[in-house]
Amino acid sequence: MRRRELAFAAALSALASLAQAQPYPNKAVRIIVPQPPGGGFDNVGRLLADRMGKQAGQAFVVENRPGSGTLVGTDLAAKAPADGYTLLVGSISNLALNPGLYANLPYDSLRDFEPVGLLVSYSYTLMARKDLPFQSLPDVIAYAKANPGKLNYASAGNGSGQHVLAAALWHLAKVDVAHVPYRGAQPAYQDLLGGRVDLFFDLSPTARVQVDAGNARALAVSGAARNSMHPQVPTVLESGVAALELESWFGLFVPAKTPPDVLQKLRADFARVAALTDVQEALVKGGGKPMALVGDDARAVVRRDVEHWTQLVKSLNIRPE
């Protein structure tokens with residue numbers, strides 16, 4: 001009996017050694033999405049999970065871990081084993097804005113994460129309620145300067161991307177526009193469409209629906225160039241009211257100290273997925289700008305935005321709910 005048990009243990013040990021020797025990945029990989037289902041984080045996570053899984057021949061499974069905005073899921077990924085089996089959907093929101101929002105952020109965006117690659121970026125569109133008597137962003141700024149606090153703007157909550165971007169615009173333009181925070185974008189839209197708030201910055205793909213339906217008026221987009229969905233709408237930079245530019249990128253990240261061979265495999269698979277014609281078409285159709293950046297190129301973009309937005313958000317003295 002003892003001999004049989006020893007043989008069984010030896011067989012298990014051999015199987016474990018064989019599994020470890022198999023190329024990465026040899027089991028399911030989870031992709032943490034630090035937001036609920038739906039929205040930019042989740043859409044990117046599910047697209048990558050589907051295509052990365054097919055590329056690697058192994059399951060990539062989305063795990064939604066919302067909480068405290070994007071903090072809970074991002075911190076979970078930061079503290080996960082650095083073995084390539086826990087990935088994170090990272091964005092300018094959880095990696096570049098959070099360091100300025102939280103005084104004691106439990107993770108360091110640059111120290112604790114390594115980018116696999118950046119897949120896509122989305123601009124924001126500044127919308128006005130359809131009966132607001134201003135036709136351009138300069139008109140809004142001129143009125144706000146003459147009438148401090150008379151205009152207001154909605155956001156999806158204190159510290160949300162919509163809040164930070166708008167607050168930065170008003171700060172740089174040196175005007176006082178009152179903030180009306182909501183618990184999510186949907187109630188903010190309800191009051192914008194109902195004429196109860198004046199202005200709202202939201203991701204351009206979402207804003208497009210209301211603008212195209214004539215329910216709201218687009219005044220400006222936040223990207224470096226005009227958005228193909230609103231080609232007639234100028235950028236904030238073009239308007240001349242503030243030196244402000246923001247596109248919210250989304251990509252895939254691993255915990256720091258992930259083995260180099262695993263990171264290399266992930267980056268190679270990511271690059272192949274990002275280059276697929278149907279993936280790029282899907283991103284453009286959804287209102288995004290394909291990026292397909294890996295390695296040093298992705299790291300440079302992340303570092304630039306973390307350093308810039310951390311400093312700017314701190315200067316605005318914005319705090320999350």
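FYI, it's all coordinate maths here, none of it is from the lab. If you're wondering where the values come from, they're calculated on a predicted model, not measured in any experiment. Every residue, glycine among them, receives a Cβ derived from its backbone with ideal geometry; neighbour counts consider all protein chains shown.
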Under Stokes-Einstein, region 212-321 at 4 °C and 1.567 mPa s, with its Kirkwood radius over C-alpha pairs, diffuses with a coefficient in µm²/s of 76
Calculated from DSSP helices alone, with each H run of at least 4 adding -39500 (n - 2.57) and the total divided by the residues of the chain, [θ]222 nm to the nearest 500 comes to -13500 deg cm²/dmol
Inter-part gap, Cα centre of region 52-70 to Cα centre of region 197-238, in whole angstrom, is 30
Listed by chain and number, the lysines with an alpha carbon less than 24 angstrom from that of K27, same-chain partners under 8 positions apart left out, are K54, K79, K257, K265
antiparallel share of DSSP beta bridges within the chain, to nearest 5, in %, is 65
Extension length gain for K150 and R304 (0.36 nm per residue less Cα distance), in nm, is 51.9 nm
Output ordering of 260-266, 117-123 (per-residue mean of other Cβ within 10 Å, highest first) is 117-123, 260-266
So for R0 = 25 Å, FRET eff. of L105-H179 from the Cβ-Cβ r, to 0.05, ends up at 0.65
Per principal axis, largest first, the Cα atoms of region 210-269 extend in Å by 50, 29, 16
Highest mean packing first, using Cβ neighbours within 10 angstrom, the peptides 145-151, 95-101 sort as 95-101, 145-151
Cα extents of region 123-239 along the principal axes, largest first, in whole Å, come to 33, 30, 27
Across the alpha-carbon set of the chain, Rg over Rh with Rh taken as the Kirkwood radius works out to 1.07
Amide H proximity to G117 below 5 Å, modelled H, separation 5+ or other chain, gives L252
Largest fluctuation, S204, S160, S228 only, Gaussian network model of the chain with Cα springs under 10 angstrom, belongs to S228
Candidates Q232, Q186, Q22; GNM for the chain (alpha-carbon contacts under 10 Å) flags as most fluctuating Q22
